[in-house]
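Here the structure comes first, spelled out in structure tokens, and everything after it is commentary.
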Amino acid sequence: MALQSLPGARNLLGPLPYLVPSAGFSANFMTSNGNETYIIGRMRTSDGNSHTIDTTGSSAIGWRNNGVVFASGTTVLNVGLAAVDASNGPPGRPVNSAGSTTFDVKCAHTTATTTPPNNAWTTSVPTTGSKTIADGDLVAFAVQYSALGGSDFCQVSYGRAASNNSALFPFVGQYTGSFAGVQGSVPGIIVVFNDGAIGYFDASDVVSVYNNQNWNNTSGTKEFGQLYQMPFPMKVCGMYAYMSGSGDLNFNLYSDPLGTPVAQVALGYTNKISVTTGNPAWAFVYFPTPYQAAANQVLGAVLQPSTSTNVQLYYKTIANAAHRAADPWGTSGYGVSRSSGAFANTNSSLDHYYVGLLVSAFDDAAGGGGGGSGSGYVIGS
């Protein structure tokens with residue numbers, strides 16, 4: 001095997017760099033009968049195989065809402081999956097009849113059956129239909145009223161992109177008598193197939209709750225970051241994070257973080273060379289000497305304040321540890337923290353910090369080495 005350098009100044013392995021976690025969720029406010037929020041994208045499956053979602057087994061669709069009222073007793077909210085209309089548009093849209101989506105599989109939420117929880121991650125268990133999805137299939141997810149009573153409403157949540165840009169693909173759309181794209185949208189849903197396999201949209205971010213950690217060198221917990229374990233050798237040349245803070249800090253890369261942590265790189269970052277601000281944004285730092293990691297080596301990408309001035313690092317909480325299949329670090333990664341000694345899982349694999357690796361070389365698998373594959377690595381800038 002041999003490490004081959006990648007062209008360009010940086011290649012990212014970690015969270016999507018156009019996300020704005022500090023902005024929180026945005027949402028489509030659906031207040032009229034027939035209103036719809038939908039997502040179109042390529043769906044990945046957790047094992048790369050075809051799977052079916054129907055009314056049996058583990059079948060479910062996970063999505064986030066910013067608020068739901070089901071008080072009238074007559075509202076029907078359909079949540080499901082459909083084929084994509086390849087003949088009409090732009091903007092893209094699900095297959096439909098006069099705006100009413102033709103669902104292949106759906107859950108019909110009603111007051112009498114299952115009312116979605118308010119302002120929370122929502123699990124919709126299909127009540128009718130079936131859909132088989134292969135890895136990479138073009139799929140539409142949709143939430144639409146087929147009946148709306150009184151002052152009931154639903155707000156379908158999605159993350160936000162930098163500078164309020166529209167994501168060309170995957171993207172969020174809406175139907176309010178006509179189809180339209182939604183500005184600044186970063187979709188994030190989970191499909192659980194009947195055999196328990198996971199489906200998710202490529203280049204999306206699955207989130208139940210956005211949050212941030214504020215701490216300094218006098219806090220009880222001194223370091224927070226993200227665990228990585230990649231199935232190929234690689235050369236780590238730096239780190240990046242969504243953060244803020246006007247004090248000095250270290251970007252630390254640890255080997256064996258869960259056992260006997262060793263700081264293979266401890267890069268001091270001073271606010272004297274940066275913008276002094278409390279407004280969070282993406283920071284990119286480069287190591288003086290890259291670190292060469294072995295295949296399947298466990299690494300910790302960690303921030304450590306070196307002054308009593310607070311650092312603010314953003315993280316997300318997911319609803320179920322199985323949803324890690326949708327993340328660039330795959331199911332082996334999660335948020336970690338420590339005061340001293342070994343690092344620990346911060347929240348049973350549910351918390352994930354927006355800290356990533358800058359990688360300058362990967363194993364080319366020549367000579368019998370293992371390049372490996374994984375869950376949607378973000379490679380590129």
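The values are calculated or read from the model by the stated rules, or taken from the named source; none is laboratory data. Just so you know, these numbers come straight off a predicted model, no measurement behind them. Cβ placement follows ideal geometry from the backbone for every residue including glycine, while neighbour counts extend to all protein chains displayed.
Listed by first and then second residue, the pairs linking a residue in the stretch 241-266 that is acidic (D, E) to a residue that is outside any strand (DSSP E or B), with Cβ atoms under 8 Å apart and 6 or more places separating them unless they lie on different chains, are D248/T270; D248/N271; D248/S306; D248/T307; D248/T309.
Among the residues making up the stretch 33-57, a single one is under 17 Å from Y175 (Cβ atoms) and in contact with a Leu (Cβ under 7 Å, 6 or more places away or on another chain): N33.
Conditions (1) closer than 13 Å to P94 by Cβ; (2) surrounded by fewer than 22 Cβ atoms within 10 Å (Cβ to Cβ), marked per residue:
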{"site": "G129", "(1), (2)": "no, yes"}
{"site": "I133", "(1), (2)": "no, no"}
{"site": "A142", "(1), (2)": "yes, no"}
{"site": "F153", "(1), (2)": "no, yes"}
{"site": "Y158", "(1), (2)": "no, no"}
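Inside the stretch 283-332, residues that are in a strand (DSSP E or B), of a type in the set (V, I, T) and either surrounded by fewer than 16 Cβ atoms within 10 Å (Cβ to Cβ) or modelled with pLDDT of 90 or more (or both) make up a count of 5.
In the stretch 243-259, is there at least one residue being farther than 20 Å from L357 by Cβ, surrounded by 16 or more Cβ atoms within 10 Å (Cβ to Cβ) and acidic (D, E)? The answer is yes; a qualifying residue exists. Here A197 passes the criteria (1) in the same structural domain as S50 (by TED's automatic domain parsing); (2) surrounded by 23 or more Cβ atoms within 10 Å (Cβ to Cβ) except the one numbered (2). Residue check: T111 meets all listed conditions (1) surrounded by 21 or more Cβ atoms within 10 Å (Cβ to Cβ); (2) over 30 Å from G48 (Cβ atoms) but one, namely (1). Any residue at all in the stretch 340-363 that's part of a strand (DSSP E or B), aromatic (F, W, Y) and at pLDDT below 95? Within the stretch 340-363 (the criterion being part of a strand (DSSP E or B), aromatic (F, W, Y) and at pLDDT below 95), the answer is yes, since at least one residue qualifies.
Does the stretch 157-166 contain at least one residue that is out of contact with any helix residue (DSSP H, G or I) (no Cβ under 6 Å at 6 or more places or on another chain), farther than 19 Å from T317 by Cα and touching a residue at least 60 places away in the same chain (Cβ under 8 Å)? Yes, the conditions are met somewhere in the stretch 157-166. One residue alone among Y254, Y200, Y240, Y269 is closer than 23 Å to R338 by Cβ and under 17 Å from the mean Cα position of the chain (by Cα), and that residue is Y240. For L148, the conditions (1) modelled with pLDDT under 95; (2) more than 25 Å from S124 (Cα to Cα); (3) out of contact with any Phe, Trp or Tyr (no Cβ under 6 Å at 6 or more places or on another chain) are fulfilled apart from (2). Looking across the stretch 88-97, just one residue is modelled with pLDDT of 95 or more and over 21 Å from T132 (Cα atoms), and that is S97.
One line per residue, one yes/no per condition, for (1) in contact (Cβ under 8 Å) with a residue 12 or more places away in the chain; (2) in contact with a Phe, Trp or Tyr (Cβ under 7 Å, 6 or more places away or on another chain); (3) in the same structural domain as P280 (by TED's automatic domain parsing); (4) not hydroxyl-bearing (S, T, Y):
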{"residue": "T132", "(1), (2), (3), (4)": "yes, no, no, no"}
{"residue": "D137", "(1), (2), (3), (4)": "yes, no, no, yes"}
{"residue": "Q174", "(1), (2), (3), (4)": "yes, no, no, yes"}
{"residue": "P187", "(1), (2), (3), (4)": "yes, yes, no, yes"}
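Among the residues that make up the stretch 101-123, is at least one of them of a type in the set (S, T, Y), over 21 Å from the mean Cα position of the chain (by Cα), modelled with pLDDT of 95 or more and not assigned by TED's automatic domain parsing to the domain that holds H323? For the stretch 101-123, residues of a type in the set (S, T, Y), over 21 Å from the mean Cα position of the chain (by Cα), modelled with pLDDT of 95 or more and not assigned by TED's automatic domain parsing to the domain that holds H323: present.
Scanning the stretch 196-234 for residues that are within 22 Å of V311 (Cα to Cα) and of a type in the set (V, I, T) turns up V209, T218, T221.
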